[in-house]
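Written below as structure tokens is the structure these notes are about.
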């Protein structure tokens, strides 16, 4: 039987890998993909709490469904922004989006 | 259903190894393939957590829908010249130590924290989950469909090609 902490550490490591990708990669689509990785890490933590918690069993799983819905909306809008950006300037590098720089 | 700890380690490797590959591979298509493997691994984690409905939703939504959407976006935004770009930007050398520090901190905190939780799984039934979704969380559940509708309209509006007269 696996203790709860094992799942939480797995979720933490997956979250950190996703954060690494978001910080290190240039391509905006790659950044969206790494954001999905971080969403998945949070989902693992929620499902683990849902499975082990003494109170409110199943509540975490219900939240995972809301995260899934919001993640689907986020990825649709994010990729549309990426495609619009590609139309505008033929590039997808996030460090070139500096029009708002003061 | 109870799963032993070695099973957990195998499933965790199925999640972490593709995730690291995905971030470090240079070709975007290979990265997307690694991402699909990672999402499937997360579905396996849900199975070991007795969340069968979540595992099925994970396969349908992430592996089925979101991966295809991302592959479409990658193929729509390919550069015509085929020139090799720079895949990691200027400050990316700092990203790996920062992410490693985040992993260490999260691992230490989450590994040692004590929660109001038993040491063994409670096996919440799917019926329990549906009761929650359609009674207590019925309003947010319906609101999520509104959010999805807004996202669809927004995505179409953003990605539409402007036709100039």
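Taking 0.36 nm per intervening residue step and subtracting the Cα-Cα distance, what contour gain separates residue B:29 from residue B:59 on full extension?
That pair, residue B:29 and residue B:59, stretches by 8.9 nm at full extension.
Mind sorting B:38, A:34 by how few other Cβ atoms lie within 10 Å of their own Cβ, fewest first? Display every interim value, and only then the final one.
Details: B:38 27, A:34 24.
The fewest-first ordering by Cβ neighbours comes to A:34, B:38.
Please work out whether chain B counts as rounded, prolate or oblate from its C-alpha gyration tensor, where a ≥ b ≥ c are the square roots of the eigenvalues and a/c under 1.5 means rounded, while otherwise a/b larger than b/c means prolate and anything else oblate? Walk me through the numbers before you get to the answer.
Details: a/c = 2.10, a/b = 1.26, b/c = 1.66.
Note, shape of chain B comes out oblate.
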**Q.** Theoretical FRET efficiency, 1/(1+(r/R0)^6), r = Cβ-Cβ of residue B:131 and residue B:3, R0 35 Å, to 0.05
**A.** 0.90
Q) In terms of the Cα gyration tensor, with a ≥ b ≥ c the square roots of its eigenvalues, is the range A:4-93 rounded because a/c is under 1.5, prolate because a/b exceeds b/c, or oblate? A) oblate
Q. Once you put a point 7 Å from the Cα of residue B:78 and another 7 Å from the Cα of residue A:87, both along the Cβ direction, what distance in nm separates them?
A. 2.1 nm
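Sorting B:36, B:152 on the 10 Å Cβ count, fewest up front, what's the list? Walk me through the numbers on the way to the answer.
Working: B:36 19, B:152 15.
With the sparsest Cβ surroundings first, the list reads B:152, B:36.
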**Q.** Between helix B:67-76 and chain B: long-axis angle, C-alpha atoms, 0 to 90°, nearest 10
**A.** 10 degrees
Q: Report, to the nearest 10°, how far helix A:4-24 tilts away from the longest principal axis of the Cα atoms in chain A, using its own Cα long axis and a range of 0 to 90°.
A: 0 degrees
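Given 0.36 nm per residue, what is the gain on full extension from residue B:20 to residue B:112 after removing their alpha carbon distance, in nm? Let's see the in-between values first.
On the way: separation 92, 0.36 × 92 = 33.12 nm, distance 2.47 nm.
That pair, residue B:20 and residue B:112, stretches by 30.7 nm at full extension.
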**Q.** Angle between chain B longest axis and helix B:5-24 axis [Cα atoms, degrees, rounded to 10]
**A.** 20 degrees
Q. From the Cα gyration tensor of the range B:1-77, with a ≥ b ≥ c the square roots of its eigenvalues, which class applies: rounded if a/c is under 1.5, or else prolate if a/b is larger than b/c, or else oblate?
A. oblate
Q: Divide by every residue of chain B the summed helix terms, -39500 (n - 2.57) for each DSSP H run of at least 4, and state the resulting mean residue ellipticity at 222 nm, rounded to the nearest 500 deg cm²/dmol.
A: -20500 deg cm²/dmol
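Read-outs: derived from the displayed coordinates by stated rules, not from any lab. Predicted, not measured: the structure shown is a model, and the values here were computed from it. Reconstructed Cβ throughout: ideal geometry from the backbone, glycine too, with neighbour counts over all protein chains shown.
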